[in-house]
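Chemist: I'd like to ask some things about the structure below.
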Amino acid sequence: MENNKNNNQPIKNIARWIAILPATLGGIFVGTIAVNIFSFFQRWFIGASSEGGWAQITFFIVAPAVGAALAVYWGTIVAPKARRIVSMTIGALVIVLNTVDVIMAFSFQNPNALWIVASGITSVIAAGYVVYQFLTEGDDYKMFD
């Protein structure tokens with residue numbers, strides 16, 4: 001029985017390496033949707049406008065930051081080893097994608113360009129914090145402990 005466990009280990013590792021991308025995308029999706037649902041119910045109970053300042057802050061600042069942090073965390077936790085490198089790679093992707101987003105916002109003269117810049121900054125800070133935690137604490141880092 002013990003020998004069978006060792007034979008399945010390479011297959012499990014390959015599956016975990018493949019699962020990094022879906023876990024990262026899932027982190028973005030769950031983080032963003034959870035914050036937006038919370039914001040919706042808060043506006044619903046308070047009766048605030050969906051065009052108001054709180055809605056803009058939630059949509060452009062809080063949701064992308066939580067999504068970026070969860071993307072780095074979930075993607076890194078799934079990795080079977082080299083978690084520090086995986087966290088830095090996902091963090092670098094967050095930086096690159098947010099830079100492209102900001103460039104496109106200004107290129108197409110998006111009226112929300114300044115909000116998109118703020119979104120990019122908060123996303124990079126949130127992802128950078130999680131990367132920093134993995135670099136300093138290594139594989140022992142737990143976001144929710």
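The values are calculated or read from the model by the stated rules, or taken from the named source; none is laboratory data. Given the structure is predicted, the values throughout are model-derived calculations rather than measurements. Counting neighbours? That spans all protein chains shown, and the Cβs are built from the backbone with ideal geometry, glycine included.
Chemist: Counting only residues that are assigned to a helix (DSSP H, G or I) and touching a residue at least 24 places away in the same chain (Cβ under 8 Å), which one in the range 95-119 is farthest from ALA71 (Cα to Cα)? First the steps, then the outcome.
Modeler: The first filter runs over the range 95-119 and keeps only residues assigned to a helix (DSSP H, G or I), leaving 95-107, 113-119.
Filter once more, keeping what is touching a residue at least 24 places away in the same chain (Cβ under 8 Å): 95, 98, 115-116, 118-119.
On the way: ILE95: 13, ASN98: 14, TRP115: 21, ILE116: 19, ALA118: 18, SER119: 15 Å.
Checking each candidate, the answer is TRP115.
Chemist: Additional query: Which of the residues spanning the range 40-93 are of a type in the set (Ser, Thr, Tyr) and touching a residue at least 24 places away in the same chain (Cβ under 8 Å)? Outline the logic, then answer.
Modeler: Residues of the range 40-93 that are of a type in the set (Ser, Thr, Tyr), as a first pass: 49-50, 58, 73, 76, 87, 89.
Listed by number, the residues that qualify are TYR73, THR76, SER87.
Chemist: Just to check your reading of the model, which residue among ALA69, ALA92, ALA23 is under 13 Å from the mean Cα position of the chain (by Cα), part of a helix (DSSP H, G or I) and surrounded by fewer than 14 Cβ atoms within 10 Å (Cβ to Cβ)? Steps first, answer last, please.
Modeler: Numbers: ALA69 fails: surrounded by fewer than 14 Cβ atoms within 10 Å (Cβ to Cβ); ALA23 fails: surrounded by fewer than 14 Cβ atoms within 10 Å (Cβ to Cβ).
Sole residue among the options that is under 13 Å from the mean Cα position of the chain (by Cα), part of a helix (DSSP H, G or I) and surrounded by fewer than 14 Cβ atoms within 10 Å (Cβ to Cβ): ALA92.
Chemist: For ILE103, state whether it is closer than 21 Å to GLN56 by Cβ, modelled with pLDDT of 90 or more and surrounded by fewer than 15 Cβ atoms within 10 Å (Cβ to Cβ).
Modeler: Working: closer than 21 Å to GLN56 by Cβ: no; modelled with pLDDT of 90 or more: yes; surrounded by fewer than 15 Cβ atoms within 10 Å (Cβ to Cβ): yes.
Judged against the criteria, ILE103 is not a match.
Chemist: Given the structure, is ILE57 at pLDDT 85 or above and farther than 29 Å from THR136 by Cα?
Modeler: No.
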